[in-house]
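Written out below as structure tokens is the structure these notes cover.
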Amino acid sequence: MAGIRFDQVSKRFGGVTAVNALSMEIQAGEFVSILGPSGCGKTTLLRMLAGLERPSAGAISIGGAVVNELAPAERNVAMVFQTYALYPHMTVAGNIEYPLKKRRVPKTERAGRVREAARVLELEALLGRKPRELSGGQQQRVALGRALVRDPAAFLLDEPLSNLDAKLRTHMRAELIRLHRRIGRTMVYVTHDQLEAMTMSQRIAVLNEGALQQFASPQDIYARPRNDFVAGFIGTPSMNFLDGRLEGTGADRVFRSGDWSLPIGALRLADEHPDPDRRVRLGVRPEHVRLDAQGEPARVILVEPTGHETILVFDYSGNEIVARMDGEVSLEPDDSVRLSFRVAKLHLFAADDGRRLNLDDS
Amino acid sequence: MFREGPATTASPGKASLDTRYGLLGALLIAPTVLVFCAVIVYPLISAIYLGLFSIYTPTMEGEWVGMDNYRRLLASGEFWRSLLNNVIWTVGTLALQVIFGILVALMLHRNLVFRAFARSLVLFPYFLSTVVAVLVWRWLFNDLYGVLNHLLMWAGIVDMPVDWLGTMPNAMVSLILVGAWKYFPFVVIAVLARLQSIPDELYEAASIDGAGAWGRFVDVTLPQLRDVLIVVVLLRTIWDFKEFDLIYLLTGGGPIIGTQTLPLMVYKEAFALNQMGGASAVAVLMMLIMLLFMILYLSRARD
């Protein structure tokens with residue numbers, strides 16, 4: 001079991017920078033997700049950790065030792081691929097046994113360890129089958145078994161659930177959490193699915209355009225996004241953004257957008273905004289929009305009932321605002337309502353670089 | 001997909017839809033069936049039929065001899081010697097084609113810069129007309145003015161010119177080498193196409209699992225090539241077994257019958273000895289041997 005450290009790691013492919021001077025430290029035994037949109041560099045980061053790509057700059061350490069110059073086999077990490085990458089001509093037992101065979105583990109010990117991995121993953125009945133005779137979920141478990149049997153310092157998982165159907169994905173998510181709890185190994189999990197990252201990880205690293213945006217617990221990332229990218233990327237439906245400027249200070253502070261303004265004196269800011277124009281983006285989570293007879297007038301554009309809750313789109317002073325409301329709300333398109341926001345829950349970001357302006361208790 | 005039963009509401013006097021589709025289908029395949037009968041079924045049956053007669057080729061007249069042609073053939077040393085030659089030639093040239101073909105394919109798969117150019121270059125022997133290729137090789141092999149002997153003597157490897165095509169086993173070795181040179185591109189193309197479709201993740205998984213370069217070749221590449229190699233070997237076995245022009249042009253089956261294979265024996269019986277019946281009998285026996293490979297190939301192709 002070992003911690004992992006990225007120190008100013010960069011990777012360039014020709015003129016394209018996939019990962020840019022990224023530093024982060026993963027604790028031993030931690031379950032960390034690397035989350036970001038397609039092409040954000042998350043898979044490149046994992047492949048550098050596995051030794052499949054060489055960093056252009058910076059150092060990667062596993063268990064305190066720099067591994068930049070080590071071949072994949074020498075790093076004692078196991079990887080689970082999105083496509084599983086099972087050896088098609090070998091049986092399930094053969095696939096799980098392969099890394100032990102290559103490491104010259106004695107035959108008698110191999111058999112025991114394969115049986116043990118198969119027991120943990122409930123693959124005992126399938127040991128004699130070939131990968132093509134297995135369902136997607138079973139193949140997934142074999143790929144996990146091949147990683148598990150080696151007892152590696154860290155598990156690297158590259159979107160391992162994205163080829164499964166929705167129901168199986170939910171099931172395997174729970175399985176993976178249970179597995180992590182039982183074996184307590186460091187796991188680095190790459191995904192573009194925020195639901196997977198939020199439900200499974202102890203901490204999430206949000207990446208965009210090769211740069212680390214925020215590395216924190218799921219709760220922190222949701223409640224205190226460090227910039228407007230993280231704020232907009234995490235949460236479904238996405239956070240609403242309103243562009244405007246700040247007027248006044250302290251308790252008299254007002255957010256003004258066009259001829260509409262909102263008193264936000266209750267919102268505490270980390271410091272006075274240095275931009276002389278005081279241009280900001282106001283962020284409102286859909287669940288912090290509420291119907292309020294004292295609020296501003298708005299018109300319903302769209303109603304999407306999902307059962308226990310209803311997603312509504314409003315025209316609010318010329319802005320489209322998405323709200324998440326109770327499933328029993330009975331509104332029709334074109335209805336006129338009045339809306340207000342829960343001011344204490346609003347987020348403010350600088351308009352120029354998108355950084356968070358709220359003062360957070362921590 | 002669902003299938004409907006015959007329509008019950010068809011207007012009277014008109015054939016049902018199924019019947020009309022059936023007729024159209026028969027009409028569409030009729031030309032193929034006719035051509036197939038003319039060029040395959042008729043020659044096949046007539047060869048089996050002719051094999052039962054003793055026929056003088058120039059007049060195509062003869063008499064019924066029953067199984068005598070087969071009895072004579074199976075009792076003669078020449079038939080068995082030709083069959084043995086045929087097996088040696090096929091196994092030898094095929095083995096070289098496969099080994100050399102895989103090696104070249106692996107090289108081309110790695111080298112990205114020259115791949116397009118090298119691939120067309122590799123195909124050159126395969127596209128070259130056999131007559132042209134063999135004439136060039138005969139010139140290279142020539143014991144009086146051949147370049148090969150000249151180079152070997154210049155390098156001091158031999159001190160007398162070697163008779164490449166006129167003595168045994170040199171003639172068979174030369175034949176096998178030229179056959180391998182001519183047909184290895186087929187293996188290269190088939191193997192290269194398969195190599196390019198092996199997912200990179202398999203190699204990456206293997207290297208993380210601890211396999212070195214040789215381990216990755218044995219545990220990932222070879223198993224993935226297995227299916228394509230089986231088909232290539234079966235096809236090339238059939239084609240090499242019945243090879244005529246390359247052998248006929250290079251050695252003519254000589255020295256004496258040192259490199260005579262069954263197809264050359266058919267030709268000799270039919271047109272040198274004017275024994276059309278005997279030639280047909282050899283052809284029928286050859287067909288029976290090849291039928292074996294055919295059945296193997298078809299059963300492979302079905303999975």
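Annotations for the structure displayed:
- The A-B contact accounts for approximately 1500 Å² of buried accessible area, totalled over both chains at a 1.4 Å probe radius.
- Each pair of Cα atoms in segment B:193-303 enters the Kirkwood radius, and Stokes-Einstein at 20 °C and 1.002 mPa s then converts it into a translational diffusion coefficient of 124 µm²/s.
- Other residues lying with their Cβ under 13 Å from the Cβ of A:H288 contribute a combined charge of +3, Lys and Arg counting +1, Asp and Glu -1.
- Peptides A:89-99, B:33-43, A:342-352 ranked from most to least packed, by the mean per-residue count of other Cβ atoms within 10 Å: A:89-99, A:342-352, B:33-43.
- Charge sum, other residues only, whose C-beta stays under 13 Å from A:R113's C-beta, Lys/Arg counted +1 and Asp/Glu -1: +4
- Under-5 Å amide H pairs with A:L207, H placed in peptide plane, nonlocal only: A:L35, A:G36, A:Q213
- Remark: segment A:255-270, residue by residue, has Karplus-estimated 3J(HN,Hα) of 9, 10, 9, x, 9, 10, 9, 9, x, 10, x, 6, 8, 8, 9, 5 Hz, where x stands for each Gly or Pro and the curve is 6.51 cos²θ - 1.76 cosθ + 1.60 at θ = phi - 60°.
- The residues of segment B:51-154 present an accessible area of 63 Å² per residue when probed at 1.4 Å with all protein chains retained.
- For segment A:204-220, 3J(HN,Hα) computed residue by residue from phi via the Karplus equation (6.51, -1.76, 1.60; θ = phi - 60°) reads 10, 9, 8, 10, 8, 6, x, 10, 6, 8, 7, 9, 7, 5, x, 4, 4 Hz, glycine and proline entered as x.
- Accessible surface computed residue by residue for chain A, with neighbouring protein chains in place and a 1.4 Å probe, gives 45 Å² per residue.
- What the Cβ-Cβ distance of A:R290 and A:S238 gives, at R0 = 25 Å and to the nearest 0.05, is a FRET efficiency of 0.85.
- Percent breakdown of C-alpha pair distances by 5 Å bin, ordered from the shortest bin, for segment A:237-350: 2, 11, 22, 25, 16, 11, 7, 4, 1, 0
- Using alpha-carbon coordinates, inclination of helix A:166-183 to the longest axis of chain A, degrees: 70 degrees
- List of segment A:65-85 residues, accessible area with partners at least 40 Å² below that of the chain alone (1.4 Å probe): A:F81
- Computed label-point distance, nm, for sites B:W139 and B:F114 using a 7 Å Cα→Cβ extension: 2.5 nm
- The alpha-carbon of A:K107 sits under 26 angstrom from the alpha-carbons of these lysines, leaving out residues fewer than 8 places away in its chain: A:K130.
- Acute angle (nearest 10 degrees) that the helix A:136-148 long axis makes with the longest principal axis of chain A, alpha-carbon atoms: 70 degrees
- Rounded to the nearest 10 Å², the accessible area of A:F13 at probe 1.4 Å: 90 Å²
- Whole-Å distance, taken between Cα centres, linking segment A:284-362 and segment A:17-35: 33 Å
- Note on A:D165 and A:E122: their simple-model spin labels are 1.7 nm apart, each label 7 Å out from Cα toward Cβ.
- In the protein assembly as shown, the portion of solvent-accessible area held by carbon and sulfur atoms comes to 59 percent [1.4 Å probe, whole percent, DNA, RNA and ligands not counted].
- Prolate/oblate/rounded label for the protein assembly as shown (Cα gyration tensor, a/c 1.5): prolate
- Comparing the full protein assembly with the isolated chain (1.4 Å probe, heavy atoms, ligands and nucleic acids excluded), the residues of segment B:184-217 losing at least 30 square angstrom of accessible area are B:E201, B:L202, B:E204, B:A205, B:S207, B:I208, B:D209, B:G210.
- P(r) for chain A, from all Cα pairs and a bin width of 10 Å, is 5, 21, 25, 21, 15, 9, 3, 0 %, short bins first.
- Counted over segment A:4-232, the DSSP beta bridges are approximately 50% antiparallel.
- Interface residues in segment A:86-128 - accessible area drops by 50 Å² or more relative to the isolated chain, probe 1.4 Å: A:Y87, A:H89, A:Y98, A:K102
- Note on B:K14 and A:E247: their simple-model spin labels are 8.0 nm apart, each label 7 Å out from Cα toward Cβ.
- Axis of helix A:92-102 versus longest Cα principal axis of chain A: the two differ by about 80°, to the nearest ten degrees.
- Full-stretch length increase - B:W214, B:E63 - with 0.36 nm per residue and alpha-carbon distance subtracted: 47.9 nm
- Residue-wise HN-Hα coupling along segment B:60-69, computed from phi with Karplus coefficients 6.51, -1.76, 1.60 (Hz; x: Gly, Pro): 6, 10, x, 10, 5, 10, x, 8, 4, 4
- Using only alpha carbons, segment B:75-302 has a radius of gyration to Kirkwood radius ratio (Rg to Rh) of 1.04.
- Remark: for residue pairs B:K242/B:K268; A:K167/A:K345; A:K42/A:K102; B:K182/B:K242, the C-alpha separation exceeds 25 Å in A:K167/A:K345; A:K42/A:K102.
The values are calculated or read from the model by the stated rules, or taken from the named source; none is laboratory data. Nothing here was measured: the structure is a model prediction, and the numbers come from that model. FYI the Cβ positions are ideal-geometry reconstructions off the backbone, even for glycines, and counts take in every protein chain you see. Please note that ligands, DNA and RNA were not included when accessible areas were found on the heavy atoms of the full protein model with its side chains. Shrake-Rupley method; radii C 1.70, N 1.55, O 1.52, S 1.80 Å.
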